[in-house]
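Notes for the one structure printed next.
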Amino acid sequence: MTRSGKVAYCVAIGIDVTERKQAEEDLQLAKEEAESANRAKSEFLANMSHELRTPLNAVIGFAEILENQMFGEMGDSRYGDYARDIRTSATHLLGIINNILDLSKVEAGRLELIDAPTDVADVLSSCLNIVKAMTHANEVSFRIEADADLPYLMTDERMLRQILLNILSNALKFTPAGGRITVTLKSEPEKDAYRIIIADTGIGMTAENITKALTPFGQVESSLSRKYDGTGLGLPLSRSLIELHGGRLKIESEPEKGTEVTLHFPGNRIVQRKSLREDTSQANSA
């Protein structure tokens, strides 16, 4: 500026940002394409539910017929053993497929809750019976801690069963012989919560491993985990299913000291037994 206030000269600096802008556009395009491909994958798997499950159910059913020799003896006893192997393998594969399909349905927003008042203690008891039939279960002690008059919980019972089976199976999988698994049921209306806590005395995890375990298809490497099969879908699916209920899943763990998984359901899902009996009585009288 001159003394009279006029501009004496100006300086302009030009920077070519063409490459930077092109890189930003390419990155945004790649992101959109990846998201589109992921949605297409989820939609495809969600649509394939019937096509994948139906043939496997048929294989399991026919294998059971052969295993039980429903139409007469097959002769050589080895045929029965082979039929049992077919049924066991097909059931295992169906479990993996169910987890993959359910996770895909969650991602595609196509998995809906079918809520009903649920006796969590009863569901837990049936899940424990299944888990206790697994390998080395007789070498691990199980304990349930719950109030006598525990209220019901408004949940999708099938999903709750799947969550409990996934977490209990993991607890057993990583708890060596002589260990203990404790399940605690707590209704805390004053804290706006209903909690299911599954604690084990297994090998435990680091914070890094917890993050990996909650990632789909992520598996925690250890000398113990490599003894067992797994897809790394159990915990991510369980977290997605409980979040559908408006709840959350929390993991606390320490190597060589065990793991504690807390399923937190919101208090508005608690159904007192008394109010449920009153509603049933009114419905019957009407």
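Placing +1 on the Cβ of every Lys and Arg and -1 on the Cβ of every Asp and Glu, with no other charges, gives the stretch 9-167 a dipole of roughly 280 debye about its Cα centre.
Converting phi to 3J(HN,Hα) with the Karplus coefficients 6.51, -1.76 and 1.60 and the offset θ = phi - 60°, the stretch 142-152 yields 10, 9, 10, 10, 7, 5, 5, 10, 5, x, 6 Hz in sequence order, with x at every glycine or proline. When a 1.4 Å probe is rolled over the protein heavy atoms, the share of accessible surface on the stretch 91-213 that falls to carbon and sulfur comes to 51 percent. Diagonalising the gyration tensor over the Cα atoms of the stretch 51-146 and scaling each eigenvalue by 5 before taking the square root yields semi-axes of 30, 23, 13 Å, largest first. Per-residue 3J(HN,Hα) values for the stretch 109-118, derived from phi via the Karplus relation 6.51 cos²θ - 1.76 cosθ + 1.60 with θ = phi - 60°, read x, 10, 9, 10, 6, 10, 6, 7, x, 10 Hz in sequence order (x marks Gly and Pro). Peptides 115-121, 52-58, 16-22 ranked from most to least packed, by the mean per-residue count of other Cβ atoms within 10 Å: 115-121, 52-58, 16-22.
Quick one: ranking Tyr9, Tyr82, Tyr152 by accessible area, 1.4 Å probe, largest first, what do you get?
Listed by decreasing accessible area, they come as Tyr9, Tyr82, Tyr152.
To the nearest 10, the accessible area of His92 is 100 Å² with a 1.4 Å probe. Taking amide hydrogens as placed 1.01 Å from N in the peptide plane, the amide H of Thr118 sits under 5 Å from those of Leu153, Met154, Thr155, each at least 5 positions away in sequence or on another chain.
Each label was represented as a point 7 Å from its Cα along the Cα-to-Cβ direction; for Lys31 and Arg273 these points are 5.3 nm apart.
Each residue of the stretch 64-70 was assigned a 3J(HN,Hα) from its phi angle through the Karplus expression (A = 6.51, B = -1.76, C = 1.60, θ = phi - 60°), giving 5, 4, 5, 4, 8, 6, 5 Hz with x at Gly and Pro. Subtracting the Cα-Cα distance of Ala148 and Leu113 from 0.36 nm times their residue separation leaves 9.8 nm of extension gain.
The values are calculated or read from the model by the stated rules, or taken from the named source; none is laboratory data. Please read all numbers here as calculations on a predicted model, not as lab measurements. Don't worry about glycine lacking a Cβ; one is built from the backbone with ideal geometry, like all the others, and counts go over all protein chains shown. SASA here: full protein model, heavy atoms, side chains in, ligands and nucleic acids out. Shrake-Rupley method; radii C 1.70, N 1.55, O 1.52, S 1.80 Å.
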